[in-house]
Amino acid sequence: MRRMIPTSFSSKFQGVISMNALRCYVSEFISTFFFVLAAVGSVMASRKLMAGDVSGPFGVLIPAIANAFALSSSVYISWNVSGGHVNPAVTFGMAVAGRISVPTALFYWTSQMIASVMACLVLKVTVVEQHVPIYKIAGEMTGFGASILEGVLAFVLVYTVFTANDPRRGLPLAVGPIFIGFVAGANVLAAGPFSGGSMNPACAFGSAMIYGSFKNQAVYWVGPLLGGATAALVYDNVVVPAEDDRGSSTGDAIDV
């Protein structure tokens, strides 16, 4: 037994640092960098276009459209390499469902966090007349309420990711990322004025790091991670379990 333990640990560690794994980490870095650059940059762009007054509908509409387009593209470019997570909440859900190992998930998180910080740093350096915006909670909301809201949004997002990533559905490659982007844009429209509609701990962390304030940062971690984990468990164990045998009672509408 003493010989088996280090051997098992060594084999798992080698899998985490293999060339294929490194490609996944680089892919997550690139896709997350692009997404955060567009998502956070769109808020700065809306400020510029509206002379700093982002309280109107366009202050939410512009970031929502940017989130939808950017996330669809980011997921698509990394879909066949790393799975197109682009979000620690998605990675956490995949780890909880057993689709990736915990060490791999930690390296994914590292790539996503570094990418987010770098994207926000680029915005800070290039857009000198503005500070990098952070996600904020509306005055009429509590931290607990914002966590619940972000958790529900992340649940919907991660559930959509699991649905789009299910090979039993037989969807073309380009279709899944499009719907993932759609649900992200809809979530920003619904929650942008209340909690910011982050759904992405890495995005919230990167902007907070560059801005220099981590106020209410727990809201953008606890809610999305719990929501992502719940979505993974519900999808894999309740709605569409791996050993699903729904027979003829479902008709031809669902063909697995």
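Bear in mind these aren't lab numbers, they're just calculated from the coordinates by the rules spelled out. Note that this is a predicted model, so its numbers are computed, not measured. Glycine gets a Cβ as well: all are built from the backbone with ideal geometry, and neighbour counts include every protein chain shown.
A few remarks follow.
- Stokes-Einstein D for the chain, Kirkwood Rh over Cα pairs, 10 °C, 1.306 mPa s (µm²/s): 84
- Separation of the residue 17 and residue 80 label points, Cα + 7 Å toward Cβ, nm: 3.0
- Using C-alpha pairs below 8 Å separated by at least 6 residues, the relative contact order for the chain is 26 percent.
- When +1 charges are put on Lys and Arg Cβ atoms and -1 charges on Asp and Glu Cβ atoms, the dipole computed for the chain relative to its Cα centre reaches about 760 debye.
- Three-way shape call for the stretch 79-148 based on the alpha-carbon gyration tensor, with the a/c threshold at 1.5: oblate
- Three-way shape call for the stretch 122-203 based on the alpha-carbon gyration tensor, with the a/c threshold at 1.5: oblate
- Under the span-like rule (Cα at least 24 Å along the axis, Kyte-Doolittle mean at least 1.6), DSSP H helices of the chain: 143-164
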